[in-house]
Amino acid sequence: MPKLDEAREFLMNVGMPKAQQADICALSILAMAGIKPDSDWKDATNEWIRIHDIIAFANQHYGTTYAENSRETFRKQAMHRFRTAALIEDNGKATNSPNYRYRITDETLKVLRAWGSNSAEKQMNRFLAYHEKLVDIYASKKKMTMMPVKINGLDFQFSTGKHNELQKAIIEEFAPRFAPGSECLYVGDTTQKDLVKNVNKLKKLGFSITLHDKMPDVVLYREEEDWIYFVESVTSVGPMDPKRILEIMDMTKDVKSGKIFVTAFLDFATYKKFADSLAWETEVWIADMPDHMIHLNGDRFLGPR
């Protein structure tokens, strides 16, 4: 196996995220360990080294063509992440000092010198017993920043961001006020597209769910009235404009329930940006003013058309 792939395998096993298994990161480990294409891992070293030296090593021994202005990329993608994962250390100098250096820690060096040998697994397990995998650190941080949301009486979590902040408001603020007793049949998440998707109920109501990518952000069903609320959570794109209405109507052509189309915004300023593109006979709800709605036609208020 080529040394570049072996270094990548090391990074994967030590728990680095996928982005830190890229060539630039594998080459950084090889350069810091002084491992050339024909070197043995048992000969790995951990001399103090500059990013300039890493680039020069990669270009000379691995045929790359990194320029000096790529130093910041090496620093952000490899060095910073390696240090967080306790793979390397710096010499404590000011980061803008010409004497600033990095090196592989003694613990990491033991793993690298055993890499590819019978003792590799033992050394890796010993290292991981004392150091949390970076991929787990990132997952833990992400979990801590998740937004709790109660949907249909069950606890879920949205990833952070304005779009999901608004979806949370739709479910927890809009629904109790304007769709009381409703059930959430569908809601996505910016990282998990179909967080809640009641396929059986949607099919029973007549939905064609093969085009799930065109589903509105939130779909609520109020059984008492036999009303379906199609709600778009708009922070930057995607209001209930005439084109969007036609898409939803085509997807729900076999649905007999009453259809209500709602565009939700976080604030009035965002609403004003989209006001001239909203379709007639739709509704507008603004999270900053949760007790009120804007009805885009005067012949009737909230209800199916």
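The values are calculated or read from the model by the stated rules, or taken from the named source; none is laboratory data. Note that the structure is predicted; figures quoted are calculated from it, not measured. Cβ atoms come from the backbone with ideal geometry, glycine included; neighbour counts cover every protein chain shown.
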request  = Can you give me the number of residues within the range 1-21 that are part of a loop (DSSP other than H, G, I, E, B) and surrounded by fewer than 15 Cβ atoms within 10 Å (Cβ to Cβ)?
outcome  = 2
ask   = Among the strands (runs of 3 or more DSSP E) confined wholly to the range 190-305, which include 3 or more residues that are modelled with pLDDT of 90 or more and aliphatic (A, V, I, L, M)?
value = 218-222, 227-234, 258-265
Any hit, the range 59-76, residues being hydrophobic (A, V, I, L, M, F, W, C) and modelled with pLDDT under 90 = no
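The rows are residues; the columns are (1) crowded, with 19+ Cβ neighbours inside 10 Å; (2) not polar (S, T, N, Q).
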residue	(1), (2)
51	yes, yes
61	no, yes
67	no, yes
72	no, yes
86	no, yes
95	no, no
105	no, no
108	yes, no
112	yes, yes
request  = Report yes if residue 29 is hydrophobic (A, V, I, L, M, F, W, C), surrounded by 15 or more Cβ atoms within 10 Å (Cβ to Cβ) and not in a helix (DSSP H, G or I), otherwise no.
outcome  = no
query = Looking at this structure, is residue 89 assigned to a helix (DSSP H, G or I) and either closer than 17 Å to residue 33 by Cα or over 30 Å from the mean Cα position of the chain (by Cα) (or both)?
reply = no
